[in-house]
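Where a number appears in this text, it was derived from the coordinates with a stated rule and is not lab data. Keep in mind that this is a model prediction, so the values were computed, not measured. Cβ placement follows ideal geometry from the backbone for every residue including glycine, while neighbour counts extend to all protein chains displayed.
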Amino acid sequence: MSLQENEAILTICLMAAFADGSKSEEERNNFKSIMDSLGGEVSPNLFQNVLLKKITLEEAAGKLETNESKTLAYEMAVYLCDSDNLINNKEKEFLDRLKNLLNIESNTAETIEKQGEEIAVIPVKETFEIPSAPNFDAEINKMILNYSILNGALELLPQSLATMAIIPLQTKMVYRIGKYYNYDLDSGHIKEFITTIGLGFTSQVLEGYARKLIGGFAKKFIGKMGKGIASAATGAAFSFGSTYAIGKVAHSYYSSGRKLNTDQLRNLFSKFSDESKSLYTKYQGEIQNKARNINVNEILPMIKGNRLF
């Protein structure tokens with residue numbers, strides 16, 4: 001795809017992220033930071049153009065010339081709207097407009113919408129065996145690392161569904177950590193916890209999609225040198241690091257009896273994010289190898305079931 005089409009898709013992604021009309025100032029700043037982090041890869045005015053409504057959905061959609069780019073734009077928009085909850089009325093109106101502007105075939109749209117909804121409604125609660133040992137640290141740390149490696153690998157895959165899957169996996173990880181300490185968490189509490197430490201669901205998905213677009217989806221580049229894998233590796237490092245930090249903060253929080261305040265949680269998140277950078281280098285080869293062996297058709301069944309790859 002051309003740079004124009006990439007920027008048009010990113011513009012539509014930002015519009016989808018804002019479609020529910022409920023974004024906080026912190027979320028807006030997160031979105032801006034994501035666009036800024038892309039450097040000279042996209043127009044520096046892209047975020048402001050969306051925020052100040054200097055570009056319309058019609059104009060952005062009109063820049064997409066191929067069926068591939070149109071379908072991809074709609075897919076990403078649907079998954080972004082589904083990333084933090086089921087699609088609300090404002091988001092549905094936005095997606096209906098987009099679908100008509102892009103002339104997405106009904107069968108294609110139905111498939112995309114079904115997949116997005118299936119991920120959005122996956123129950124967080126699951127049954128799994130908790131070891132009887134009095135000290136859970138080793139088991140929990142192993143689990144956090146496994147989830148981090150898997151999410152880093154998913155970010156290397158070209159399919160946008162793979163990036164969408166990262167959120168429910170992080171949610172399930174936090175649920176499992178809570179269960180170790182006799183907390184039966186629901187999805188609302190986990191979402192609030194992850195938001196409190198400064199990491200939004202929608203911004204994570206947007207970050208992943210931006211990196212995939214700029215990195216050319218890393219297709220055929222895994223394990224090779226070049227600009228594509230550099231951008232893809234950045235996305236993989238982000239997903240590995242965010243998952244690791246979320247898991248470690250959750251471990252600290254629930255093992256303490258939920259006595260940590262917001263500042264303490266955010267400081268821990270920053271500490272573990274920094275710690276994850278050296279760990280990513282250590283496990284980068286394992287992440288790339290796992291990415292090579294993931295069948296994207298197994299992602300949904302895997303999330304719905306109680307197992308990791």
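The figures follow:
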{"read-out": "Efficiency of FRET between Lys304 and Gln284 - r from beta-carbon atoms, R0 30 angstrom, step 0.05", "value": "0.55"}
{"read-out": "The chain: most fluctuating residue of Lys114, Lys172, Lys248 per GNM, C-alpha cutoff 10 Å", "value": "Lys114"}
{"read-out": "Estimated FRET transfer efficiency (Asp137, Ser270; beta-carbon r; R0 22 Å; 0.05)", "value": "0.55"}
{"read-out": "Expected-Rg normalisation [2.2 N^0.38 Å, Cα atoms] applied to the chain", "value": "0.97"}
{"read-out": "Kirkwood-based shape ratio for region 137-304, expressed as Rg/Rh from alpha carbons", "value": "0.96"}
{"read-out": "Extended-chain gain in nm, criterion 0.36 nm per residue less alpha-carbon gap, Glu93 and Arg258", "value": "55.5 nm"}
{"read-out": "Stretchable slack from Glu25 to Arg292, in nm (0.36 nm times residue separation minus alpha-carbon distance)", "value": "92.3 nm"}
{"read-out": "Debye log10 I(q)/I(0) at q = 0.12, 0.15, 0.21 Å⁻¹ for region 92-147, Cα point scatterers", "value": "-0.56, -0.65, -0.88"}
